[in-house]
Amino acid sequence: MITVLSGGVGAARLLRALRRHDEGVELRAVVNVADDLVMHGLSICPDLDTIMYTLAGLNNDELGWGLAGETWRVMQRLGELGGEDWFALGDLDLGTHLYRSQRLARGATKTEVTRELSTHFGLDVELLPVSDDPLATEFDTPEGTLSFQEYFVRHHHDVVVRAVRVRGARDARLSAAARAALEDAERIVIAPSNPLISIDPILQVPGVREILVRRRDAVLAVSPLVGGAALKGPADRLLRELGHEVSAVGVARFYQGLVGTMIIDVLDAADEDAVAATGCDVRVTTTVMRDERDALALAATVRR
Ligand code: FO1
């Protein structure tokens, strides 16, 4: 069994590649829920839904989120009414949020609702919210304190970040299913997701770090940087703003003590020795999942 610590699109593509590479392997994902939000009274879980839609083959690959072939009639009407429409919820996607919100309001846990949705969408990867307790990433910026989606979507992550916090992390309980997925996995993979805002909220849930430190030889991380830059999103900018080196070495230092193996991109091959000096084995390969062949090659390097 392989367990993948997961943010959104990078994790979704790695999970899809691991599934295609080996149809027989049991796959679980322990997923960040600190991007989650309540909007229009609806509970929205972007990372869980991105992975779910991707594994179901229903995702909008261009956007990296939402459903392919989506329509936006509800948002259009909301905009006409002068409502809050900066966070775009497609007509079909809204069905997922309505279902989840009602189940949560009736007392189901996020873990239970995720299992129900995963069954509906025919997934053969077990998606596990890291915790059923509320977690919320927030950013200190010159614009004030911003919630995750205010920073990421409303401000297009184009605002200086002075500090990042995960509200609720200290008191959050690691779910029993996520704990078992971490304890029982033959291999724990940290996806090429943003270390600071996708993976760190998972690591901040009490118990997760301790398990990784203890199981370090089984832990492998894929660097999200390629040639020292993020493919998409603010990973490089945030590393710089929060005082980390913007390179595979900076990522390796961030995960130091937690991982036994790092996979870095061929464009960062010059960093191989410095990454190894943080105390892990290093594998160098193409980490960009541009097409099926690249994705399968990365999956093969993870499984090696
Ligand atoms: N990302 C955007 O850039 N703009 C949006 O309007 C947007 C809406 C949205 C709705 C549902 C959902 O599940 C995800 C959505 N995302 C949107 C993506 C998402 O907010 C971020 O990419 C992740 O939170 C970062 O991992």
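Values in this text are rule-based calculations from the coordinates and carry no lab data. Everything numeric here is computed off the predicted structure, so don't read it as measured data. Using ideal geometry, Cβ is built from the backbone for each residue, glycine included, and neighbour counts are taken over all protein chains shown.
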| query | For the chain, what does -39500 (n - 2.57) per DSSP helix run (n ≥ 4), summed and divided by total residues, give at 222 nm, in deg cm²/dmol to the nearest 500? | reply | -10000 deg cm²/dmol
| Percent relative contact order of the range 227-304, based on C-alpha pairs within less than 8 angstrom and at least six residues apart? | 23 percent
| field | Ala88-Val266 pseudo-label distance in nm [points 7 Å out on the Cα-to-Cβ vector] | value | 3.4 nm
| task | Just name one of Leu238, Ala300, Gln149: the one whose Cα is farthest towards the positive end of the charge dipole of the chain (beta-carbon charges, Lys/Arg +1, Asp/Glu -1). | result | Ala300
| task | Count the net charge of all other residues whose Cβ sits under 13 Å from the Cβ of Gly233, scoring Lys and Arg as +1 and Asp and Glu as -1. | result | -2
| Once amide H atoms are built 1.01 Å from N in the peptide plane, which residues 5 or more positions from Val130, or in another chain, come under 5 Å H to H? | Val31, Val33
| task | Please compute the net charge surrounding Thr109, taking Lys and Arg as +1 and Asp and Glu as -1 over other residues with Cβ under 10 Å from its Cβ. | result | 0
| task | Compute the projected area of the convex hull of the Cα atoms of the range 66-215, averaged over all viewing directions, and report it in nm² to one decimal place. | result | 11.2 nm²
| field | GNM result for the chain, Cα springs below 10 Å: residue of Val25, Val161, Val282 fluctuating most strongly | value | Val25
| said: For the range 194-304, take every pair of Cα atoms, bin their distances at 10 Å starting from 0, and report each bin as a whole percent. | reply: 15, 46, 35, 4
| ³J(HN,Hα) computed for each position of the range 253-266 - Karplus, 6.51 cos²θ - 1.76 cosθ + 1.60, integer Hz, glycine/proline x | 5, 4, 9, 4, x, 9, 10, x, 9, 10, 9, 10, 6, 4
